[in-house]
Amino acid sequence: MKLFVYHTPELTPEDSLPDCAVVIDVLRATTTIATALDSGAEAVQAFSDIDILMEKSENWLPDKRLRAGERGGEKVAGFDLGNSPLDCVPEVVADKRLFLTTTNGTRALQRVAQAPIVITAAQVNRQAVVNYLLEKQPLTVWLVGSGWQGSYSVEDTACGGAIIELLVEQGKMSLEEIAGNDEVIGAFSLYSQWQDDLVTMFHKCSHGQRLLLLNCHEDLEYCAKTDIMDVLPIQKDPGVLVKQS
């Protein structure tokens, strides 16, 4: 298994795809996706374009769909939900499909949608992601951060490092063996620095500060929780994520 970390979807190679793509948007899309599926959502269907989301979601019965989305951290006007994982409780999302659009995470999913395997990762479901990678042993794995409008986001790279750390520990592999690019070493080191205080890191990073201005402190606390749910979102059809059974 060779791992490659890409800080944003724009930095991924244009002429290739991995055997397995792991999309990361800790604040907050992939945390929301994992939480929604863990709470019983039928699926999460991701869109980068709001108009296409509206068109596709019209084909679903109103009582079987939820339109969820944000732009700039704020809920899209007229939508049922924003992008807070705290809203994805069973009594709201169970048996429904979330039609989700976000500023960053849904763009990353779109970039790797044609890969043979696409899964999503956040701190909350890190162990489930590592379990899957250790079981399937894909030859090439991209850990793709979502960033912020094309630029680097420290929390996504740190989550990549959290996955790498556990793969090294539980897979009994050396960092040198699995590192496909230098970004893997950097992600591992970043997580090592902050693993005991992710909330402080979130408060320092630009995306965390944007969310704090929107009074999303509880979201930051929740997104920093590690290995709290055994759920693996996996792509069933392009852009459609379901809970792996």
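Keeping the other protein chains in place, figure out the carbon and sulfur percent of the accessible area of the chain, with a 1.4 Å probe.
On the way: 4960 of 10310 Å².
Here carbon and sulfur together make up 48 percent of the probe-accessible area.
What are the aspartates and glutamates whose alpha-carbon lies under 15 Å from the alpha-carbon of Lys56, with same-chain residues fewer than 8 places away excluded?
Asp237
Assuming R0 = 35 Å, what is the FRET efficiency of Met54 and Asp230, from their Cβ-Cβ distance, to the nearest 0.05?
Result of the calculation: an efficiency of 0.55.
Taking the mean number of other Cβ atoms within 10 Å as a proxy for protection, how do you rank 96-108, 214-226 from highest to lowest?
Packing proxy ranking, top to bottom: 96-108, 214-226.
Could you sort the peptides 127-133, 162-168, 199-205 by per-residue average Cβ neighbour count (10 Å cutoff), highest mean leading?
Taking the mean over residues of other Cβ atoms within 10 Å, the ranking is 162-168, 127-133, 199-205.
Rank-order 227-234, 171-178 by packing density, defined as the average count of other C-beta atoms within 10 Å over each peptide's residues, highest first.
With the highest mean Cβ count within 10 Å placed first, the list reads 227-234, 171-178.
Classify segment 99-241 from the C-alpha gyration tensor, please: rounded if a/c falls under 1.5, else prolate or oblate depending on whether a/b exceeds b/c.
Working: a/c = 1.60, a/b = 1.18, b/c = 1.36.
Note, shape of segment 99-241 comes out oblate.
On C-alpha positions alone, give me the angle between the axis of helix 126-136 and the longest principal axis of the chain, in degrees, nearest 10.
70
So how much slack lies between Glu169 and Glu74, counting 0.36 nm per residue of separation and subtracting their Cα-Cα distance, in nm? Don't jump to the answer; show the numbers that get you there.
Numbers: separation 95, 0.36 × 95 = 34.20 nm, distance 3.81 nm.
Result for the pair: 30.4 nm of gain on full extension.
For segment 134-176, report the accessible area per residue in Å² (1.4 Å probe, heavy atoms, rounded to an integer).
Dividing the accessible area of segment 134-176 by its residue count gives 39 Å².
Nearest 10 degrees, 0 to 90: what angle lies between the long axis of helix 29-38 and the longest principal axis of the chain (Cα atoms)?
Rounded to the nearest ten degrees, it is 70.
Express in Å², to the nearest 10, the accessible area of His207 obtained by rolling a 1.4 Å probe over the protein heavy atoms while all chains stay in place.
About 10 Å², ignoring ligands and nucleic acids.
If I take R0 = 30 Å and measure r between the Cβ atoms of Ser189 and Gln244 in this structure, what FRET efficiency does the formula 1/(1 + (r/R0)^6) give, to the nearest 0.05?
Once the sixth-power term is evaluated, E becomes 0.50.
Antiparallel versus total DSSP beta bridges in the chain: what percent is that, nearest 5?
In the chain, DSSP labels about 25 percent of beta bridges as antiparallel.
Express the accessible area of segment 183-237 per residue in Å², computed with a 1.4 Å probe while the remaining protein chains stay in the model.
Solvent-accessible surface per residue comes out at 53 Å².
Most fluctuating residue of Asp156, Asp182, Asp38 in a GNM of the chain with Cα springs under 10 Å: which is it?
Judging by the Gaussian network model, the answer is Asp182.
Could you sort Ile24, Ile117 by accessible area so the largest value comes first, with the probe set to 1.4 Å? Could the numbers behind the result be given before it?
Working: Ile24 0, Ile117 45 Å².
Of Ile24, Ile117, the descending order of accessible area is Ile117, Ile24.
Among (i) 0.94; (ii) 1.10; (iii) 0.99, which one is Rg/Rh (Cα atoms, Kirkwood Rh) computed from these coordinates?
It is the one labelled (i).
If you fit an axis through the alpha-carbon atoms of helix 182-194 and take the longest principal axis of the Cα set of the chain, what angle between them do you get, 0 to 90°, nearest 10?
Long axis of 182-194 versus the principal axis of the chain: about 80 degrees.
Per-residue ellipticity at 222 nm for the chain, helices alone: DSSP H runs ≥ 4 residues times -39500 (n - 2.57), over residue total, nearest 500 deg cm²/dmol?
Helix contribution divided over all residues of the chain: -11000 deg cm²/dmol.
Among the GluC sites (Glu not before Pro) within segment 50-155, which fall in a DSSP loop and have no more than 12 other Cβ atoms within 10 Å of their own Cβ? Intermediate results must be reported in sequence, preceding the final value.
Details: sites: Glu55, Glu58, Glu70, Glu74, Glu91, Glu135, Glu155; in loops: Glu58.
Counting only loop positions with at most 12 other Cβ atoms within 10 Å, the GluC sites (Glu not before Pro) in segment 50-155 are Glu58.
The values are calculated or read from the model by the stated rules, or taken from the named source; none is laboratory data. Everything quoted here is computed from the prediction, not taken from an experiment. Counting neighbours? That spans all protein chains shown, and the Cβs are built from the backbone with ideal geometry, glycine included. Remember, those area values only see protein heavy atoms, side chains included, never the ligands or the DNA or RNA. Shrake-Rupley method; radii C 1.70, N 1.55, O 1.52, S 1.80 Å.
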